[in-house]
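Presented below is the structure to which this report refers.
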Amino acid sequence: TDSARLVITAIAELGVTLSAPAGLQPDESGSVVISYQNTGTAATTATLTYLLPDYLSVTDSAGATVSGAAYNWSLGSLAAGASGSKTLTVKAAADAPANEVLTHFASLEGAASNLAVDASDTTVIGSVEELAISVSAPSPLTTGDTFTATVVATNSGNGPANGNAVSLTLPAGFTVSNAAGGTVAGQVISWNVDLPAGA
């Protein structure tokens, strides 16, 4: 016979995400959002840090302690299941060079030496588009049911995105009763759309 001892302990598990403007024109402002959480089973003393890229300044630091390019928040004891966010307002320098790619960095560190996570995002100086698409449809369905599928195309950049081709492919056996202004070719519905910044 043999045996092994298993000790069940509560531990913290940290997570962090960072969202920055896709693009900023020189002298333009935008928001950087840092979200953090502890999905573990124990609390930990946590510190959140954001590193500001070159060519940007912070006009609202959300209560951070500032040391050079580092913005720090002492979160105290971050309980199991707790979450939160910090939003900074940043501004591009008037002389920021066009097409410069700026990298934002955030980290969340716990009390243990190996308890840390990080995240990053980029901002381009100039006019940029940032496209995304999503589709939703009801489920489940019964044979013969009529339903509506919704397609959402977005441009979260700071420049227009014109002449976009959007398409929705239906599964075999489905037919189209209303293409919402699109063109139907077999199982594919297509649209041409222009998306201004933020549309």
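The values are calculated or read from the model by the stated rules, or taken from the named source; none is laboratory data. Just so it is clear, the model here is predicted, and its values are computed rather than measured. FYI the Cβ positions are ideal-geometry reconstructions off the backbone, even for glycines, and counts take in every protein chain you see. Ligands, DNA and RNA are stripped out before the accessible areas are found, and what is left, the full protein with its side chains, is counted by its heavy atoms. Shrake-Rupley method; radii C 1.70, N 1.55, O 1.52, S 1.80 Å.
Quick check for you: with a 1.4 Å probe and neighbouring chains kept, what is the accessible area per residue of the chain, in Å²?
Here the per-residue accessible area is 59 Å².
Could you quote the convex hull projected area for the chain, Cα atoms only and averaged over all directions, in nm²?
Hull-based average projected area comes out at 19.2 nm².
Take the Cα atoms of the range 10-102, build their convex hull, and give its volume per residue in Å³.
86
Summing +1 for each Lys or Arg and -1 for each Asp or Glu, what net charge is found among the other residues whose Cβ lies under 15 Å from the Cβ of residue 69?
0
Remind me, relative contact order of the range 29-82 in percent, using alpha carbon pairs under 8 angstrom and six or more residues apart?
This gives 51 percent for the range 29-82.
Let me understand the range 124-166 better: what is its radius of gyration from the alpha carbons, and its Dmax, in angstrom?
16.0, 52
Write out the chymotrypsin sites (Phe, Trp or Tyr not before Pro) in the range 24-87 meeting two conditions: DSSP loop, and at most 13 other Cβ atoms within 10 Å of their Cβ.
Answer in residue order: no site qualifies.
Positive end of the charge dipole of the chain (Lys, Arg +1 and Asp, Glu -1 on Cβ, about the Cα centre): tell me which of 85, 166, 8 has its Cα farthest that way.
Looking along the dipole axis, the top candidate is 8.
Where nothing but the Cβ of Lys and Arg (+1) and of Asp and Glu (-1) is charged, how large is the charge dipole of the chain around its Cα centre, in debye to the nearest 20?
Result for the chain is approximately 460 debye, rounded to the nearest 20.
If the chain between residue 103 and residue 70 were fully stretched, how many nm would it gain, using 0.36 nm times the residue separation less the Cα-Cα distance?
Working it through step by step, the gained length comes to 10.5 nm.
Which of rounded, prolate or oblate describes the range 94-144 when judged by the alpha-carbon gyration tensor and an a/c cut-off of 1.5?
Verdict is oblate for the range 94-144.
How do the peptides 93-101, 8-16 rank, highest first, by the average count of neighbouring beta carbon atoms within 10 Å per residue?
Final packing ranking: 8-16, 93-101.
Once you have a ≥ b ≥ c as the square roots of the Cα gyration tensor eigenvalues for the range 87-185, tell me rounded if a/c is under 1.5, and otherwise prolate or oblate according to whether a/b is larger than b/c.
Taking the square roots of the gyration eigenvalues as a ≥ b ≥ c, the range 87-185 is oblate.
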